[in-house]
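Heads up: the structure comes next, in structure tokens.
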Amino acid sequence: MTPALGYAATGPKAALSPFKFERRAPRDTDIVIDIQYCGVCHSDIHQARDEWGGSMFPMVPGHEIVGTVKAVGKSVKGFKVGDLAGVGCLVDSCRTCGSCKEGLEQFCESGFVGTYNSYERDGKTVTYGGYSDHVVVDQAFVLKVPSNLNLAAVAPLLCAGITTYSPMRHWKVSKGQRVGVVGLGGLGHMGVKFAHAFGAQTVVFTTSLKKKEDAMRLGADEVVVSKDPQAMAAQRGRFDFILNTVSAPHDINAYLQLLKRDGTMVVVGIPEKAPELEASTLIMGRKRLAGSLIGGLPETQEMLDFCGKHNIVSDIELIPIQKINEAYERMIKGDVKYRFVIDTKSLRV
Ligand code: NAP
Ligand code: ZN
Ligand code: ZN
């Protein structure tokens, strides 16, 4: 075991604070990563505050991890000391079920091992995430990071990036389509970048006009204020695909009405309270409501390579770990442009 330093939530109402713990000694197939940056996802807040139930404390959140390889086990192939490396939301799975074999480890039929707030495959060792100085992960769950991008701005790709890239690829978002992205936060702003990169006409739905200019700069063709009933009515029946990233309870029916016949809305946001669905909004126009969960390892690598090739990164605000509690409060108010990223140097001062 090796000593590790991080920030942890000790209970659902506690502020995050410094926390000492231990990581396992690397096994033959393990990679030890010195964490340089870790993005702050709204899922970190949901779990640190036990908004989804079943949270385990103390909890070290963080699943948007980038850093450099510090050591490798003797059977590791493809990574050497000094390489850049990334870790997202998954650190293990059964590797034998149908989903795992297809590279869809997020849907592992015996349950994937999350980067934090999860049990290892032994069923008793708790995982701790990236708000920490280093991490030990099996090579099968470590991603290669393009070297031409700003490393801090790559971190959010490991969750916000893949969570928006994957459904747009699955539902084949492309040129000629009109695509909506609901909520301009960490996920939403990556959704806008990908929809634009895939050639779709991209429309952002946001709760106020405050983010309009940013949305256009990020790649939106239009911005609609979702609290303006007239503006919403003007969008009815016009969308092929809508990606809903909203983190708080809201009326999903209002967005289903905006789909064309046979259009699809994919929900990726996970509000504390389940939405109420009006069946008629689906029935009228044979619309589809679907969900999507992060992405498997092969697709996450594909997304990172795509971002390297097309120079896509997240728009970030770099913070020292000491500002994490303030960052959570700001995210809840929608005051983030557009992802907080922790500079883990601040852990070592
Ligand atoms: P975030 O950065 O906090 O952004 C959420 C955005 O939702 C806000 O910026 C805001 O956009 C909008 N919003 C918030 N409250 C709202 C309300 N009451 N009504 C309408 N819009 C509201 O969060 P995030 O990190 O992008 O995460 C978004 C959600 O996705 C979270 O629930 C998270 O847990 C979930 N998530 C899911 C997956 C998955 O695999 N499915 C992966 C990662 C995260 P505007 O300011 O533009 O209105
Ligand atoms: Zn996340
Ligand atoms: Zn599996």
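Please treat every number below as a calculation from the coordinates, not as lab data. Just so we're clear, the structure is a prediction, and the values are computed from it rather than from any experiment. So basically every Cβ, Gly included, is an ideal-geometry build from the backbone, and we count neighbours across all protein chains shown.
The alpha carbon convex hull volume per residue for the chain rounds to 131 Å³.
Placing dummy labels 7 Å off each Cα toward the beta-carbon, the span from ASP228 to LEU293 is 3.8 nm.
Modelled this way, with points 7 Å down the Cα-to-C-beta line, the labels at ARG238 and LEU318 are 4.0 nm from one another. The distance between label points at THR68 and GLU276 comes to 5.6 nm (points 7 Å beyond Cα on the Cα→Cβ vector).
Loop-located trypsin sites (Lys or Arg not before Pro) in the range 97-151 (DSSP state not H, G, I, E or B) with no more than 12 neighbouring Cβ atoms inside 10 Å: LYS124. Remark: the range 50-56, residue by residue, has Karplus-estimated 3J(HN,Hα) of 6, 6, 9, x, x, 5, 10 Hz, where x stands for each Gly or Pro and the curve is 6.51 cos²θ - 1.76 cosθ + 1.60 at θ = phi - 60°.
Karplus-based coupling profile of the range 71-86, in residue order and whole Hz: 7, 10, x, 6, 9, 6, 10, x, 10, 9, 4, x, 5, 6, 8, x, with θ = phi - 60° in 6.51 cos²θ - 1.76 cosθ + 1.60 and x standing for Gly or Pro. One decimal place: the segment MET216-ASP251 gains 10.1 nm when fully extended, by the rule 0.36 nm per residue minus the C-alpha distance. If you model the range 198-286 as an ellipsoid using its alpha carbon gyration tensor, with each semi-axis the square root of five times an eigenvalue, the axes come out at 21, 16, 13 Å, biggest first.
For THR164, THR125, THR281, the sequence from fewest to most other C-beta atoms within 10 Å is THR125, THR281, THR164.
Subtracting the Cα-Cα distance of MET1 and SER208 from their residue separation scaled by 0.36 nm leaves 69.6 nm. Taking Lys and Arg as +1 and Asp and Glu as -1, the other residues whose beta-carbon sits under 10 Å from that of ASN117 total -2.
Taking the number of Cβ atoms within 10 Å of each Cβ as an exposure proxy, the fewest-first ranking of CYS159, CYS94 is CYS94, CYS159. Take the Cα of GLU102, go 7 Å toward its beta carbon, and the backbone nitrogen atoms of the range 298-333 under 16 Å from that spot belong to 298-300. Pairs from the table (LYS175/LYS260; LYS211/LYS260; LYS210/LYS333; LYS13/LYS273) lying more than 24 angstrom apart at Cα are LYS211/LYS260. Cβ crowding within 10 Å, taken as a proxy for footprinting-reagent exposure, orders THR206, THR300 from fewest neighbours to most as THR206, THR300. Relative to the compact-globule estimate of 2.2 N^0.38 Å, the Cα radius of gyration of the range 108-177 comes out at 1.41. With both residues required to sit in the chain, DSSP beta bridges show an antiparallel share near 55%.
Between the C-alpha center of the range 227-274 and that of the range 138-214 there is a gap of 17 Å. Per residue, the convex hull spanned by the Cα atoms of the range 129-235 amounts to 137 cubic angstrom.
Here the Karplus curve 6.51 cos²θ - 1.76 cosθ + 1.60, taken at θ = phi - 60°, turns the phi angles of the range 199-214 into couplings of x, 7, 6, 10, 10, 9, 9, 9, 7, 8, 7, 4, 9, 4, 4, 4 Hz, with x standing for Gly and Pro.
The Rg/Rh ratio for the range 1-76, using Cα coordinates for both the radius of gyration and the Kirkwood hydrodynamic radius, is 1.03. Length gained on full extension, ARG95 to ASP262: 56.6 nm, using 0.36 nm per residue less the C-alpha separation. If you take the square roots of the eigenvalues of the alpha-carbon gyration tensor of the range 1-158 and sort them as a ≥ b ≥ c, do you get rounded (a/c under 1.5), prolate (a/b over b/c) or oblate? Verdict is rounded for the range 1-158.
For the pair PHE21 and VAL349, what calculated FRET efficiency results from E = 1/(1 + (r/R0)^6), where r is the Cβ-Cβ distance and R0 = 25 Å, to the nearest 0.05? Once the sixth-power term is evaluated, E becomes 0.85. Could you tell me how far the Cα centroid of the range 4-54 sits from the Cα centroid of the range 283-306, in Å? Cα centroid to Cα centroid, the span is 26 Å.
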